[in-house]
Amino acid sequence: MLEKFLGLVRSSANALDGHIRDVLFRGSAAFLLRVTGAGLSFAVNVIIARLLGAEGAGVYFLALTVANIGSMVGRVGLNNTLMRFVAEGASKEEWRAVQTTYRRGLLIALIVSVTVAVVLSVGAGIIASRVFSVPELTEPLQIMAWGIPVLSLVSLHTELLKGIDEVERAMLLRGFGVPLLAAPLLLIVAGPYGVEGAVLVYVVASVVVAAVGGYFWHACTPDVGVDSDEDAEGHVAYQDLLRSSLPLLVVASMDKVVRWTDTILLGVWESARIVGIYEVAFKTSMLTTFILVAANSVASPKFASFHAQGNYDGLERLLQQVTLVVILLTLPVVLVLTIFPEYVLWIFGAEFGVGAGALRILVLGQFVGVAMGSVIQVLMMTGHEKIVRNVTVLGAASNLVLNVILVPLYGMYGAATATSMSSVIASLAAVYAMYHALSITANPRNVLKG
């Protein structure tokens, strides 16, 4: 078995062409940062679980979930829109247009994010008591609410830096910076100050990383001043940004429904302790996807470039090669998490071991999505935002229905099953939609045949 696997790896390496090798070489630093960031995030989750226990971790993760929903609304779907327009402008060296897009996108996001933060801060007590029946969630929600604009800035600067091909700096922001700063601070603060201290650490770390993101952007782009945004050749109007981003807001909303419906419904129907155990299992299962995320970070601008050139043969081959590499690199992680889930979860504390079954289910669902390849990224980078929206709505609707049915019956195992099944449904729909729209597939077997 091992010899067959090694033979597959060797034949796969021989089949890779210059584009994927460029992705791997150029993305090696980004990949290393992503791996390190995943390790740091894992360490942060261990620290939170160890210091706060399952119940305290459940309150913390509920506050973080609500804040992430607020940040998603505040960004109004601008993440991929900004990356797309910035990548197009940078490729043509239209830097005035790029800077105009940057200013307009951030202005929209900040106005909406601050509004959401005010609403959440005022309504924190109602959400904590009436939605989750966890009154002790009120103060963590109020603290986390004011992190919403900062979380939006971190996310947007990550995508903006990807658009100008500064992938390593983007990885420093998104997957590396916050856990790097948070880990040592949590050891100092979370013990004596509990959940409120842990939430404050997360917000402070995000503020620092957002400031670094702004510095990175200005350091990596030419300082071009314009008397008026309209003076910038190829500038993107506010309505153009919103026309592209609003369908993606629906996509982001539905995507987060898939991610957070299980946590929210567990918070409604189960205890904070169960939420804490499930969230630890879910975040551990995400180790399955970090290789695909790292590959997407480097490959997405190339997908957009192939699309701009009308080179769909090149786009398809790159997609298939990325899929093959990601599957081979992800398999060892999947095997460890499905064969030894109890031992992995015991790292967080003995009380988390009961989530082993949920972890197995979640890992298998995640791996199916990984094996489908960078399909969603290809659709977004080729201007098919509405297709992505429709696919994501399908996944979110199925996730909501399945969670409503299964969570009251089976608790966190029902949540894990619903989340995995909806992920598979959405992945299959995306593959079909991509083939119908672009006549390309992500099938990695074509790489080996070629």
### Summary
Filter region 316-344 for residues that are open to solvent by 30 Å² or more (accessible area, probe 1.4 Å) and in contact with a Gly (Cβ under 8 Å, 6 or more places away or on another chain); the one that is farthest from Thr284 (Cα to Cα) is Arg317
### Query
For Phe348, which of the numbered conditions (1) in a helix (DSSP H, G or I); (2) modelled with pLDDT of 85 or more fails to hold?
(1)
### Query
Quick check: anything in region 101-111 over 25 Å from the mean Cα position of the chain (by Cα), surrounded by fewer than 20 Cβ atoms within 10 Å (Cβ to Cβ) and not hydroxyl-bearing (Ser, Thr, Tyr)?
no
### Message
Among the residues in region 121-131, are any in contact (Cβ under 8 Å) with a residue 40 or more places away in the chain, surrounded by fewer than 24 Cβ atoms within 10 Å (Cβ to Cβ) and closer than 30 Å to Phe216 by Cα?
### Response
no
#### Entry: Cross-chain or 6+ apart pairs with Cβ under 7 Å, region 143-168 first and under 14 Å from Phe85 (Cα atoms), then of a type in the set (S, T, N, Q)
Leu156/Asn79; Glu159/Asn79; Glu159/Asn80; Lys162/Ser297; Lys162/Ser300; Ile164/Thr221
### Query
Got a number for residues in region 368-413 being open to solvent by 40 Å² or more (accessible area, probe 1.4 Å) and either closer than 30 Å to Ile339 by Cβ or assigned to a helix (DSSP H, G or I) (or both)?
18
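Is it the case that some residue within region 433-441 is in contact with a Gly (Cβ under 8 Å, 6 or more places away or on another chain) and open to solvent by 10 Å² or more (accessible area, probe 1.4 Å)? Working first, answer last.
Taking region 433-441 first, the residues in contact with a Gly (Cβ under 8 Å, 6 or more places away or on another chain) are none.
No: region 433-441 contains no residue that is in contact with a Gly (Cβ under 8 Å, 6 or more places away or on another chain) and open to solvent by 10 Å² or more (accessible area, probe 1.4 Å).
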### Message
Tell me whether region 166-176 contains one or more residues that are part of a loop (DSSP other than H, G, I, E, B) and surrounded by fewer than 23 Cβ atoms within 10 Å (Cβ to Cβ).
### Response
yes
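Out of all the residues in region 132-165, which are closer than 20 Å to Gly56 by Cα, in a helix (DSSP H, G or I) and open to solvent by less than 20 Å² (accessible area, probe 1.4 Å)?
Of the residues in region 132-165, the ones closer than 20 Å to Gly56 by Cα are 132-145, 147.
From what's left, in a helix (DSSP H, G or I): 135-145.
Residues satisfying the conditions are Leu137, Pro140, Leu141, Met144, Ala145.
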### Message
Any residue at all in region 177-197 that's charged (D, E, K, R), in contact (Cβ under 8 Å) with a residue 40 or more places away in the chain and open to solvent by 30 Å² or more (accessible area, probe 1.4 Å)?
### Response
yes
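Being out of contact with any Gly (no Cβ under 7 Å at 6 or more places or on another chain) and assigned to a helix (DSSP H, G or I) is the filter here; which residues of region 280-294 pass it?
Taking region 280-294 as the starting set, the residues that turn out to be out of contact with any Gly (no Cβ under 7 Å at 6 or more places or on another chain) are 282-293.
Once the filter is applied, which keeps residues that are out of contact with any Gly (no Cβ under 7 Å at 6 or more places or on another chain) and assigned to a helix (DSSP H, G or I), region 280-294 yields Phe282, Lys283, Thr284, Ser285, Met286, Leu287, Thr288, Phe290, Ile291, Leu292, Val293.
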### Task
Among what's in region 414-432 and is open to solvent by 20 Å² or more (accessible area, probe 1.4 Å) and not polar (S, T, N, Q), pick the residue that is farthest from the chain's Cα centre (by Cα).
Tyr432
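The values are calculated or read from the model by the stated rules, or taken from the named source; none is laboratory data. Being a predicted model, the structure only gives us computed values, none of them experimental. Neighbour counts run over all protein chains shown; Cβ positions are idealised from the backbone, glycine included. Side chains included, ligands, DNA and RNA excluded: accessible areas come from the protein's heavy atoms. Shrake-Rupley method; radii C 1.70, N 1.55, O 1.52, S 1.80 Å.
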